[in-house]
Amino acid sequence: MVDLTGAHWRTSTRSGDNGGNCVEVADNLPGVVAVRDSKDRSGPVLTFTPDAWAAFVRVVPPSR
């Protein structure tokens with residue numbers, strides 16, 4: 001279990017473009033990137049290694 005107490009969550013600047021269906025990312029924690037649903041902030045959180053998150057971001061096309 002990852003301690004997310006100090007997580008600084010950020011939402012895409014485009015979150016308003018799609019009706020608020022976005023994720024929030026916290027990448028300020030040592031050794032982990034956390035991702036959660038912006039509509040359910042107390043819900044589940046996915047965690048990734050920084051390398052895995054960087055690989056994911058490289059292959060996902062930008063939203064339009």
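The values are calculated or read from the model by the stated rules, or taken from the named source; none is laboratory data. Please read all numbers here as calculations on a predicted model, not as lab measurements. For neighbour counting, all protein chains shown are included, and Cβ atoms are generated from backbone atoms with ideal geometry for every residue, glycine included.
Observations, loosely collected:
- Selected residue (criterion: modelled with the lowest pLDDT) from residues of the stretch 41-64 that are assigned to a helix (DSSP H, G or I) and among the aromatic types (Phe, Trp, Tyr): PHE56
- Across the stretch 28-40, the qualifying residues are those that are modelled with pLDDT of 90 or more and part of a loop (DSSP other than H, G, I, E, B), and the one among them that is farthest from THR5 (Cα to Cα) is ASP40.
- In this structure, GLY6 does not satisfy being modelled with pLDDT under 95, touching a strand residue (DSSP E or B) at 6+ places or on another chain (Cβ under 8 Å), small (Gly, Ala, Ser) and surrounded by fewer than 12 Cβ atoms within 10 Å (Cβ to Cβ).
- So ARG14, is it modelled with pLDDT under 95, among the charged types (D, E, K, R) and touching a strand residue (DSSP E or B) at 6+ places or on another chain (Cβ under 8 Å): no
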